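Contents: one structure, followed by commentary.
All of the numbers you see were taken from the coordinates with simple rules; none came from a lab. Because the structure is predicted, anything quoted here is derived from the model rather than measured. Every residue, glycine as well, gets a Cβ built from its backbone with ideal geometry; the counts of neighbours run over all protein chains shown.
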Amino acid sequence: MYTKKLAEKVAIVTGGGQGVGLGIARALATEGASLVLTGRTESKLKQAAEQLSALRPQVLVVPGDTRNRADAVRTVELAVERFGRVDALINNAQSSNPGVPLESVTDDDWSNTLESGLYGTLYFMQAALPQMKAQGRGAIVNFGSRTGIEGLKGFGAYAATKEGIRGLSRVAAREWGLYGITVNVICPAALTPAAEAYLEANPQERTRYLSEIALGRFGDPERDIGRTVAFLCSDDANFITGQTISVDGGQSML
């Protein structure tokens, strides 16, 4: 009989109402996790919870903005109040304005991208630390990008944010390892509704993008990205920390 890898575990997913975040939530629920979904749009979170209901997880919806430290603290507090623990934190939420050359990046572009991603990741990590530390175990999965690793044009603020998250994650992996907390980074390439809309409007980009992927297809938010996250949150990954894992079908090879 198959034993679900995340049975009795509780996971917080930021940006869990759509796209990759929702795919991750589905993969975690399939493995038995209880979920705390947070994001800025309550209606999307509630819709996601409805979609997840077929998998029968316990789901707590907490509207909030990753740019606000108080929202991070509140999310963790409500998670502990409802479920009694926090086993996994998935820092997926990120705002950005891609396609802007460096000389045209505005203060608003820069601050919005860094605050939603790098700051938000730090806020949620700090908020979750005391509970994970008390438990003697926790798994944190953050998100990087090949835009930062390879320096892709038009992604200055986004690349800087994602490389900042990778550096932050490595430091946390070293500092928090003695508490039994693992911290890893995924660099994904997945086809989300937003990405699909962009590629439909720019068909030449679809052809170019696919030509770069060794496996010749886009990643699926649940099957490809979500299952990797589920593995990193499971006990099978207890000895993996401080790593950057590209889940992109061979688009980049580290």
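Calculate, in nm to one decimal, what Leu102 and Gln126 gain on full extension: separation in residues at 0.36 nm each, minus their alpha carbon distance.
In short, 5.6 nm is gained.
Over the alpha carbons of segment 139-193, what is the largest minus smallest coordinate on each principal axis, giving the biggest first in Å?
39, 23, 14
From the phi of every residue in segment 129-136, what ³J(HN,Hα) in whole Hz does the Karplus formula 6.51 cos²θ - 1.76 cosθ + 1.60 yield, where θ is phi - 60° and glycine or proline is x?
3, x, 5, 5, 4, 5, 6, x
What's the percent breakdown of Cα-Cα distances in segment 145-254 across 5 Å bins, shortest bin first?
All Cα pairs, binned at 5 Å, distribute as 2, 11, 17, 22, 21, 13, 7, 4, 2, 0 percent.
Just to be sure I understand the model, the point goes 7 Å from the Cα along the line to the Cβ. What's the resulting Tyr209 to Ser53 distance in nm?
Distance between the two pseudo-spin positions: 3.2 nm.
Apply the Karplus parameterisation 6.51 cos²θ - 1.76 cosθ + 1.60, with θ equal to phi minus 60°, to every residue of segment 78-84 and state each ³J(HN,Hα) to the nearest whole Hz, in sequence, with x for glycine and proline.
Along segment 78-84, the couplings run 5, 5, 5, 4, 7, 10, x Hz.
Applying 1/(1 + (r/R0)^6) with R0 = 30 Å to the Cβ-Cβ distance of Lys4 and Phe239, what FRET efficiency is obtained, to the nearest 0.05?
0.90
So if I restrict to the alpha-carbon atoms in segment 38-106, what is the Rg, and what is Dmax, the biggest pairwise distance, in Å?
Spelled out, the Cα radius of gyration and Dmax of segment 38-106 are 15.5, 49 Å.
Going by a ≥ b ≥ c, the root eigenvalues of the Cα gyration tensor, does segment 1-155 fall in the rounded group (a/c under 1.5), the prolate group (a/b larger than b/c) or the oblate group?
prolate
Take peptides 67-77, 8-18, 134-144 and line them up by average Cβ neighbours within 10 Å, highest first, as a rough protection proxy.
Listed from highest to lowest mean packing, they are 8-18, 134-144, 67-77.
Can you pull a Stokes-Einstein diffusion coefficient for segment 161-217 at 20 °C (1.002 mPa s), Rh from Kirkwood over Cα pairs, as a whole number of µm²/s?
My calculation gives 153 µm²/s for D.
Based on alpha-carbon centroids, what's the gap between segment 1-80 and segment 212-248 in Å, whole number please?
Segment 1-80 and segment 212-248 have Cα centres separated by 18 Å.
Tell me, in nm to one decimal, what length is gained between Ala201 and Tyr179 on full extension, where the rule is 0.36 nm per residue of separation less the Cα-Cα distance?
Gain in length upon complete extension: 3.2 nm.
Could the peptides 125-133, 45-53 be put in order, highest first, of the mean number of other beta-carbon atoms found within 10 Å of their residues?
So the order, starting with the most tightly packed, is 125-133, 45-53.
Tally Lys/Arg at +1 and Asp/Glu at -1 over every other residue whose Cβ is under 15 Å from the Cβ of Asp108; what's the total?
Counting the neighbours of Asp108, the net charge comes to -2.
Which net charge results for the neighbourhood of Arg223, defined as the other residues with beta-carbon distances under 12 angstrom from its beta-carbon, given Lys and Arg at +1 and Asp and Glu at -1?
Local charge sum for Arg223: 0.
Please list 3J(HN,Hα) in residue order for segment 183-191, calculated via the Karplus relation 6.51 cos²θ - 1.76 cosθ + 1.60 where θ = phi - 60°; whole Hz, with x for glycine and proline.
9, 10, 10, 10, 10, x, 9, 10, 8
From the square roots a ≥ b ≥ c of the eigenvalues of the alpha-carbon gyration tensor of segment 111-156, which class results: rounded (a/c under 1.5), prolate (a/b over b/c), or oblate?
oblate
For Lys46, go through the lysines and keep the ones whose alpha-carbon is under 29 Å away, minus same-chain ones fewer than eight residues off.
By straight Cα distance, Lys46 reaches Lys4, Lys5, Lys9, Lys162.
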